[in-house]
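Derivation of every value follows stated rules applied to the coordinates shown; laboratory data play no part. All values derive from a computational prediction rather than experimental measurement. Cβ sites come from the backbone with ideal geometry, for glycine too, and all protein chains shown count toward neighbours.
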Amino acid sequence: MSDVDSEDVAADDLNADGVASGPPLRVTDLRKTFGGVVAVDGVDFAIERGSITGLIGPNGAGKSTTFNLITGVHAPDSGQVFLEGEDITGLHPNQIANRGLVRTFQIARELSEMTVLENMLLAFEGQRGESLWRSVTPFVRDGVVKQERELLGRVWRTLELFEIDHLAHEQAGTLSGGQRKLLELSRALLTDPEILLLDEPMAGVNPSLENKLLDRIHELKAEGYTFLLVEHDMDVIMENCEHVIVMHQGAVLSEGTPAEIQADERVIEAYLGGDV
């Protein structure tokens, strides 16, 4: 699939005026196998708008593959992914990101030999300065310079929000693991996403930076952003998510509030090992 048109919008995700009003992200009966091994087996769930939802499960449960199916890294064998009611199944990652669904990775993916500032500027697509003739044509270059100033202003404001503006001119490869996570999240924010999928955002982050990162996530949620995060730290999930989805052996085992999940005997047996 190369693109999506208006006919691919699910009718039950539209209101009477034809505007998407249902869950901003919904997956139905997602399935994926690798060499005969079933990695994701009929996954169904929906993410509520303006929420922080946790996706948990033991190693091999299918969490990362589900993330990859949603974001276009892998194409599902069957099933569908809907973003704001639009069927985005099988689109390429950049097409999905351009529609407002952006992800981060367990291991932050920065360009290590570029500065933090330069990494941040990569978030913007279609910059006028990328065109040689616009950069050298006098009457057009004024627009290029104006756009560059506007983008730099956005970058500096975002760096200040995440309190890494003092690292702007440092090479990204010199940052600590936690600082790289802050860089990746702040860069993702510059793409103007509707939904952010965070893959183990707290892995390798020290407690001080973890608190800072969680504070930023809650601030962004208060502004209307929607989050789906995979995280192995159960305290992070139970203390910060309104809704939790539990996967086991490629399927959704249970979902509910943190309290409901901690009291679910199936989850205790399959994942928590009796320690809740």
Any residue on another chain or 5+ positions along whose placed amide H is under 5 Å from the amide H of residue 251 is listed here as 41
Karplus-derived 3J(HN,Hα), 6.51/-1.76/1.60, for each residue of segment 73-81, Hz, glycine and proline x = 5, 10, 8, x, 5, 7, x, 9, 10
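At 0.36 nm per residue, and after removing the present C-alpha to C-alpha distance, how many nm does the segment from residue 112 to residue 233 gain when stretched out fully?
Full-extension gain reported as 40.8 nm.
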State, to one decimal in nm, how far the label point of residue 154 lies from the label point of residue 194, with both points 7 Å from Cα in the Cβ direction.
-> 1.8
Using the beta-carbon distance between residue 249 and residue 168 and R0 = 45 Å, what value does 1/(1 + (r/R0)^6) give for FRET efficiency, to the nearest 0.05?
-> 0.50
Please list, in chain and number order, the residues 5+ apart from residue 53 or on another chain whose amide H is under 5 Å from its amide H, with Hs placed from the backbone.
-> 227, 228, 229
Neighbourhood charge, 14 Å Cβ-Cβ cut-off, centred on residue 171 and excluding it, Lys, Arg +1 and Asp, Glu -1 | -3
Go through segment 154-160 residue by residue and turn each phi into a ³J(HN,Hα) via Karplus (6.51, -1.76, 1.60, θ = phi - 60°); whole Hz please, and just put x for glycine and proline.
-> 5, 4, 5, 5, 6, 4, 5
Using a simple spin-label model with points 7 Å from Cα along the Cα→Cβ vector, what separation in nm is obtained for residue 94 and residue 268?
-> 5.1
Along segment 242-259, Karplus-curve 3J(HN,Hα) (6.51, -1.76, 1.60; θ = phi - 60°) to the nearest Hz, with x for Gly and Pro, reads 7, 9, 10, 10, 10, 9, 8, 6, x, 10, 7, 8, 6, 8, x, 6, x, 5
